[in-house]
Each structure stands twice: as structure tokens, then as C-alpha cells.
1. If Asp125 passes every condition in (1) more than 14 Å from Ile155 (Cβ to Cβ); (2) touching an Asp or Glu at 6+ places or on another chain (Cβ under 8 Å) but one, which one does it miss?
2. Mind counting the residues in the stretch 238-250 that are part of a helix (DSSP H, G or I), modelled with pLDDT under 85 and surrounded by 10 or more Cβ atoms within 10 Å (Cβ to Cβ)?
3. Return yes when Glu121 is modelled with pLDDT of 90 or more, open to solvent by 20 Å² or more (accessible area, probe 1.4 Å), under 20 Å from Glu190 (Cβ atoms) and charged (D, E, K, R) and no when it is not.
4. Looking at Ser197, Ser165, Ser175, which is the one that is assigned by the TED database to the domain that holds Asn118 and within 23 Å of Glu121 (Cβ to Cβ)?
5. Could you tell me which of the residues Arg277, Arg264 is charged (D, E, K, R), open to solvent by 80 Å² or more (accessible area, probe 1.4 Å) and more than 30 Å from the chain's Cα centre (by Cα)?
6. Those residues that are assigned to a loop (DSSP other than H, G, I, E, B) and open to solvent by less than 30 Å² (accessible area, probe 1.4 Å), I need them from the stretch 164-187; list them, please.
7. Hey, can you tell me all the residues within the stretch 126-153 that are open to solvent by 20 Å² or more (accessible area, probe 1.4 Å) and under 26 Å from the mean Cα position of the chain (by Cα)?
Amino acid sequence: MGFYRPLVQLKLNRFVNQLVLGRIGKPEETNHVRREERGSKLEGKRNKTLVHHVDLNAPMFFRPKLSAHHKANSASGMHVNDECKVKFMELKAKRTYRYIVFKIDEKAQEVQIEKLGNPQETYDDFTNSIPENECRYAIYDFDFTTEDNCQKSKIYFIAWSPDTSRVRSKMLYASSKDRFKREMDGIQVELQATDPSEMSLDIIKERALSSQRIRCLYDCDYLCLRIVRDAMLPQFLVGKAQLSVIKAWKEEKITKVTSKTQKRLHEISGWENKKTRKIESQLASVQRKMDSEKMEETEKLRSKKAAVHAKAQEKKAKVQTRRAQEILHAEEEAARLQATGQIPNKSSCGCF
């Protein structure tokens with residue numbers, strides 16, 4: 001931290017100067033928007049170039065409006081296919097791919113995916129997948145170790161435009177680069193390369209480490225500036241009336257957000273209750289249907305059981321009746337034999 005202390009002090013001095021001059025915020029929050037307005041050829045006017053300074057700290061009604069010409073230029077560039085955005089989000093959130101190579105299809109007038117790299121592939125595989133004599137866009141997820149021995153990763157955007165490629169192709173890729181970067185939200189490091197040596201692994205590592213150091217320095221400086229601003233701004237630049245207005249505005253915003261949140265939670269609870277009641281009604285109907293089917297099946301089984309029992313009793317009664325008849329026949333035959341004095345045959349003694 002001692003190495004960066006002079007830089008932090010310089011930032012603080014510049015911030016205090018901005019406070020004294022009445023310019024609130026970071027010095028780099030002033031953008032220079034260049035607009036080119038061409039005069040009419042019929043009137044014989046020459047081309048004019050106007051430079052407007054837009055202060056982002058000023059209220060919206062103090063900022064100059066951009067012309068339609070500038071808005072058209074800001075939206076220029078090739079259309080980006082939706083699949084490109086989906087695959088980039090998978091790389092950024094899930095680390096599903098190591099790299100993605102994009103190309104511009106001039107017939108379809110859009111940016112499309114040419115190749116997807118698996119997480120196991122190396123940086124050499126990535127460089128081999130880029131053609132030598134054609135322009136391409138590429139996204140690469142680079143893992144590295146910081147000077148503090150921490151594991152980090154940076155998402156690189158590489159604009160490959162070799163000198164041997166066609167002039168039309170280079171112009172097309174250059175004009176569509178800004179729009180492509182806006183669609184790919186999450187790019188951390190940008191690299192322009194016209195030769196393989198400009199995108200070597202050593203350069204990638206150096207850019208990652210330098211960006212990490214700059215990020216740490218920026219966080220430290222921004223924290224110091226926030227402390228100074230929060231300490232000095234209410235005392236020297238804002239009066240009591242302004243403070244009361246700001247406080248009322250903040251309370252109103254908080255009230256609106258709270259009300260909106262409560263309304264949304266109430267809607268979700270109502271939706272949940274409605275769906276729950278419907279599901280419970282369906283469940284009760286299914287339960288009643290199952291009970292009814294169960295009762296019907298039980299009655300059928302009971303009827304079958306009663307029929308089997310009745311049939312069994314009928315068969316038993318027939319057997320008992322036949323037994324009684326056989327016994328009566330045997331007694332009559334025995335009485336006849338006793339009266340005549342004959343001896344019965346063995347074959348005539350069979351029963352059943």
C-alpha cells in the first residue's frame with residue numbers, strides 16, 4: 001500500500017479541487033461525445049465537427065440531447081444471434097466452455113458462433129481454432145494465479161484482425177465490435193490482435209495481472225474518495241434546504257419500493273393460495289373416486305364370497321341326503337337278507 005500512497009494522495013487532491021470548483025464526483029465521469037453534422041450540399045456548406053462535453057453529474061434537463069445521427073451510429077453494427085448470448089452466459093455463469101469463436105455471416109448479416117471449446121482444452125487449442133487469414137471475434141475464460149497466490153479468472157474479448165485478411169472484412173469487424181461488446185455483458189479484458197505474437201499466452205497473463213493490480217488500486221482510491229465525499233459534501237456544498245429535499249426524496253423512494261414489494265408479495269401469496277386450493281380440490285376428488293371404486297370392489301368380492309359359501313352348503317346338503325338314502329337302503333337290504341337267511345355278496349356292500 002505504501003507504493004500506491006502518492007497516487008491515492010493525488011486522487012484525493014484532485015477530488016478536493018473538484019469539490020471547490022463545484023464539480024461533484026469522479027473526474028473521469030465526463031464523457032466527450034463527438035458528433036459530426038454535415039451541411040447540405042445545396043447550400044454549399046462545409047462539413048462541420050462539433051464536440052459536446054456531457055457532464056454525467058448534471059441533471060437530465062441540463063444535458064444536451066444527442067442527435068438522431070449519433071443515435072444511429074451508436075446502434076450500428078451487425079446483429080448478434082441470440083445463441084451467441086446464450087452460450088456466452090453459460091460460459092460466464094456455469095463455466096461450460098473454455099472459449100467461443102464468433103464469425104460474421106455477411107449473407108445473414110449477423111454474428112454467429114463458429115466453434116465452442118470444452119473446459120479441458122488449452123490455450124493452444126484456442127489459438128489453433130482461429131483462422132490465420134480471416135477476422136474473428138473470440139471470448140476466452142482465462143484462469144490465473146495473482147501475486148497474492150489467489151485463484152482468479154478473467155473473461156477476455158479478443159478481436160482478431162490479421163493484416164492478410166480482406167479490407168472489407170476488417171472494416172466490417174471493426175464497425176461491429178462495439179455493438180458486439182454491448183451484447184456480451186461481462187467482458188473484463190479486451191485485446192486487439194493483428195499478429196499471433198500480440199495474443200500470446202505471456203501477454204494474456206501480463207494483461208490479467210495488470211488488470212488485477214489496477215482493479216485493486218481503483219477499489220482503494222474509490223473507497224478513499226467515497227470517504228472524503230461523504231465527509232465533506234454535506235458540510236460544504238449542500239445546505240439545509242437541499243438536505244431536507246434529498247431526505248424527503250429518499251424516504252419517498254423507500255416508501256414506493258416497500259409498497260411495490262408488499263404488493264408483489266401479496267400477489268404471489270394470492271397466486272399460491274389459488275393454486276393450492278385447486279390442487280387440494282383435485283386431490284379430494286381423486287380420493288373420493290378411489291374410495292368409491294374401493295367400495296364397489298369390496299361389495300363384488302363379498303358377493304362372490306357369499307355365492308361360494310352358498311354353493312358349498314348346497315353341495316354339502318346333497319352329500320348328506322345321499323348318505324341318508326344309502327344308509328336306509330343298506331338297512332332294508334340287511335332286513336331282507338335276515339328274513340331269507342341269505343348271505344350278502346361283497347360287491348353289493350359298496351357305498352357311495
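1. Against the list (1) more than 14 Å from Ile155 (Cβ to Cβ); (2) touching an Asp or Glu at 6+ places or on another chain (Cβ under 8 Å), Asp125 comes up short only on (2).
2. Residues that pass the stated criteria total 7.
3. When the stated conditions are applied, Glu121 does not pass them.
4. The match here is Ser197.
5. That would be Arg277, the only listed residue that is charged (D, E, K, R), open to solvent by 80 Å² or more (accessible area, probe 1.4 Å) and more than 30 Å from the chain's Cα centre (by Cα).
6. Of everything in the stretch 164-187, those that are assigned to a loop (DSSP other than H, G, I, E, B) and open to solvent by less than 30 Å² (accessible area, probe 1.4 Å) turn out to be Ser165, Met184, Gly186.
7. Asp143, Gln151, Lys152, Ser153
The values are calculated or read from the model by the stated rules, or taken from the named source; none is laboratory data. Fair warning: this is a prediction, and the values are worked out from it, not measured in the lab. No Cβ is skipped: glycine too gets one built from the backbone with ideal geometry, and neighbour counts run over all protein chains shown. Please note that ligands, DNA and RNA were not included when accessible areas were found on the heavy atoms of the full protein model with its side chains. Shrake-Rupley method; radii C 1.70, N 1.55, O 1.52, S 1.80 Å.
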